[in-house]
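See below for the structure under consideration.
Computed from the coordinates by the stated procedures, all read-outs in this text should not be read as laboratory data. As the structure is a prediction and not an experimental result, all values here were calculated from the model. Don't worry about glycine lacking a Cβ; one is built from the backbone with ideal geometry, like all the others, and counts go over all protein chains shown.
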Amino acid sequence: MQCHLGIDDTDSQAGGCTTYIASLIIEKLGKLGAQFTDYPNLIRLNPNIPYKTRGNAAIALRFKVPAPEKAFAAAKWILRNSLLPTDPLNQKPEPGLVLFIGDRIPSMLRIFSQEALQTVLSISRARDLIKQLHLRSFSTNGGRGLIGAVAAIGNPLNEDHTFELICYRHPKNWGFLRKIGKASVFEMDSVFRSSTFNNSDPKSSRILIAPRGPDPVLLGIRGETPSSLMNAIRMLDLDEQVQGYVIYRSNQGTSEHLQTLKGLQPHEAGSVRGTVMDHPRIERGGHVFFELSTKLGSLKCAAYEPSDSLRQKVLLLEKGDRVQVGGGIRPASSTDALVLNLEFLLVEECIPVYRTFNPLCLACGGSMTSMGYRQGLRCRKCRARVPPIPKLRVTQPRNIAPGFYLPPPRSQRHLTKPIKRFGKERRRPYRRLLEAWYGNVSSL
C-alpha cells in the first residue's frame, strides 16, 4: 500500500531536528521492507510563524509497505523514545505524526499545505482534517506538529524543487564545535557552483552549509540533483565521526511561499506590486523603511540592517518607482502599522529623476542667480543681468536599474530562490532514487 507519513515539531531551541528523527524512521522502515517511492520530502512552511523553532521544516516520507499499521507503530515508537529537548524557556516540542494511505493525495490536503506556506493555521483545523479523512495520527504536548505533518503530506513537490544532502553527527559530538575544513567548503563551492547553491557567503567568508546550534546536523548541501550533492560532499574535509546521511527533495530555494498576497494579515508571507510613495529613510539601528501604494492599500516596507546589499538598493528608490516586493508581514505595534519585512525587491520601472538649475552667463560663463520673483537673473561673476528665463532641466543618472535584488546568502530564508536558480526551475518531479540515497558515511 502507498503510504505518506508526515512528521513535524520534534525540536526546540535547545536542540533536536525533525530531519534527524526522519532519518531514524527511514532506517527502521528500510529494515521493515518498505519500498520508498520518493526521496524524503523536506517541506519548508511559512517562515514567519511566531512559534517556529528555526527553519520551520516538516517531513513527508512516501513508501509502499505491506503492513502500514506496523510501519506507523515503528515511527511512533521512535518519536516517543528519541531525544525531545526542552529549551531554556521550558518550551517543549509538540511533535505530530500523521499517516495517509492512498495513491492520490486529496485536494483538501493540497489546499491545507498551500495555506501553510503563507498563513497561520490552527491545530484544531489540522485535527478536523485528520478526522474528516480518517488519517492515523499521534501527538504529544499539545500536538502543534500535526499542522506541519499534514501540510508536508499535502505537498508532493510536483513543480519546482531542489535537493539537500544532510549529514548527521554522532551523538557524542552534539553541542561541540563542528569540525569541517573551511577551505574544502570554498573549493567545493567553486567546483560545483553551477549545481549547488548557498554554500558560503562571499562578503563575510562564512560557510553556510553548517548550522551553528546544538542540533544533530553536521552539514547540509543544497543543489539541483542528487548526484551533484554526492559528488560535492566527497570534496569536504570532515574531521569528526558522521552517523549517517539522507538526501531530501525539497521546496527550499523555490520561493514557493511568496505567492501574490490577497490581503494584509500578520505573519503572512507573499508578494505584492506597488508604487513607492516616499523616499526611503534610515531609522534607528540602520534599518530602512519606505511606504508602498498597493491595491491592498498603503504598506510600510522594511529592509533591515542585516540585509546589507538589499538595504543599499532600497535606499536608491525614488518616489514613483514601480516595484514588486516579497516577504513576511510583521504585526502592528504601538508605534507601527503592519510592516512587510523584505525578502526580495523586484524593480519594474525606474522613473526619471531631474535636476534643475539656472543657465550660465552668456558673457563670462559664470553661474547666474535669481534677483527675486520675476526680476530676472544676475551673474555672480561679472554682474551681467538677463530677463527672467526658464531653468534648465537635466536627467540625473540612477544608480539602480530594473532588476531582481536579494539580500546576501547569509541573510536569505531557506525558501528564498537564489538568483542563480532563475531559469533552472523544474516543471515535473524528479523521484528517481539513487541506490545510496541514505546510509552511513562509508556509502559516500
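Convert each backbone phi in the stretch 348-365 into a coupling constant with the Karplus relation 6.51 cos²θ - 1.76 cosθ + 1.60 (shift: θ = phi - 60°), then list the ³J(HN,Hα) values in order as whole Hz, x for Gly and Pro.
Each residue of the stretch 348-365 in turn: 9, 8, 9, 6, x, 10, 10, 10, 10, 7, 6, x, 7, 5, 6, 7, 10, x Hz.
Which of the peptides 427-433, 134-140 is most tightly packed, and how do the rest follow, going by the mean number of other Cβ atoms within 10 Å of each residue? Walk me through the intermediate numbers first.
Details: 427-433: 12.1, 134-140: 17.7.
Answer by packing, highest mean first, reads 134-140, 427-433.
For the chain, give me the percentage of DSSP beta bridges that are antiparallel, rounded to the nearest 5 percent.
On the way: 86 of 92 bridges.
Among the beta bridges of the chain, antiparallel pairing accounts for roughly 95 percent.
Stretched out fully, how many nm does the piece from Ser367 to Leu133 gain, at 0.36 nm a residue minus the Cα gap?
Numbers: separation 234, 0.36 × 234 = 84.24 nm, distance 8.05 nm.
So the chain would gain 76.2 nm between Ser367 and Leu133.
At R0 = 35 Å, how high is the FRET efficiency between Asn399 and Ser107 if r is their beta carbon distance? Nearest 0.05 is fine. Present the calculation step by step, with values, prior to reporting the outcome.
Details: r = 48 Å, r/R0 = 1.37.
Here the calculated transfer efficiency is 0.15.
Once you keep just the Cα pairs under 8 angstrom separated by 6 or more residues, what percentage relative contact order results for the stretch 304-444? Please list the in-between numbers first.
Numbers: 195 pairs, mean separation 32.5, N = 141.
About 23 percent, as a whole number.
In straight Cα distance, which lysines are under 17 Å from Lys31, not counting same-chain residues fewer than 8 positions off?
In chain and number order, the partners are Lys64, Lys70, Lys76.
What FRET efficiency, computed as 1/(1 + (r/R0)^6) with R0 = 30 Å and r the Cβ-Cβ distance, is obtained for Arg431 and Ser124, rounded to the nearest 0.05? It would help to have the intermediate numbers written out before the result.
On the way: r = 33 Å, r/R0 = 1.11.
Efficiency computed from Cβ-Cβ geometry: 0.35.
So how tilted is helix 123-132 from the main axis of the chain? Cα-based, degrees 0 to 90, rounded to 10.
50
Using a 7 Å offset from the Cα along the Cα-to-Cβ direction at both Ser190 and Gln375, what is the distance between the two label points in nm, to one decimal?
6.8
So how far apart, in nm, are the two label points at Arg54 and Glu240 if each is 7 Å from Cα heading toward Cβ?
Spacing of the two 7 Å Cα→Cβ label points: 1.2 nm.
What is the extension gain from Lys295 to Glu27, computed as 0.36 nm multiplied by their sequence separation minus the C-alpha to C-alpha distance, in nm to one decimal? Show your work: numbers first, answer last.
On the way: separation 268, 0.36 × 268 = 96.48 nm, distance 5.04 nm.
Residue separation times 0.36 nm, minus the Cα-Cα distance, leaves 91.4 nm.
List, in the order given, every pair from Lys295/Lys319; Lys203/Lys420; Lys52/Lys313 whose Cα-Cα distance in the structure shown is over 22 Å.
Beyond 22 Å: Lys52/Lys313.
Output the relative contact order of the stretch 353-396, whole-number percent, from Cα pairs under 8 angstrom with separation of 6+ residues.
On the way: 75 pairs, mean separation 18.7, N = 44.
Relative contact order comes out at 43 percent.
Treating the chain as a set of equal point scatterers at the Cα positions, no solvent, please give the Debye-formula log₁₀ I(q)/I(0) at q = 0.05, 0.11 Å⁻¹.
-0.24, -0.89
If packing is taken as the mean number of other Cβ atoms within 10 Å per residue, what is the order of 37-43, 180-186, highest first? Walk me through the numbers before you get to the answer.
On the way: 37-43: 24.6, 180-186: 15.3.
Highest-to-lowest ranking by the protection proxy: 37-43, 180-186.
Sort 148-155, 352-359, 245-252 by packing, meaning the average of other beta carbons within 10 Å per residue, with the highest value first.
Values: 148-155: 29.6, 352-359: 11.4, 245-252: 25.0.
Highest mean packing first, the order is 148-155, 245-252, 352-359.
Tell me what the chain gives for mean residue ellipticity at 222 nm when only DSSP H runs of n ≥ 4 count, each as -39,500 (n - 2.57), the sum divided by the residue total, rounded to 500 deg cm²/dmol. Before the final figure, lay out each step's value.
Working: 8 runs with 83 residues, N = 444.
About -5500 deg cm²/dmol.
Considering the alpha-carbon set of the stretch 353-396 alone, what are its Rg and its Dmax in angstrom?
Expressed in Å, the Cα Rg and Dmax of the stretch 353-396 come to 10.7, 32.
Using Cα pairs closer than 8 Å and at least 6 residues apart in sequence, work out the relative contact order for the chain, in percent. Intermediate values should be presented prior to the final figure.
Values: 1010 pairs, mean separation 69.5, N = 444.
Contact order relative to length: 16 percent.
On full extension of the chain, what length is gained from Lys70 through Ala183, given 0.36 nm per residue of separation minus the C-alpha to C-alpha distance? List each step's numbers first, then the result.
Values: separation 113, 0.36 × 113 = 40.68 nm, distance 4.59 nm.
Full extension from Lys70 to Ala183 adds 36.1 nm.
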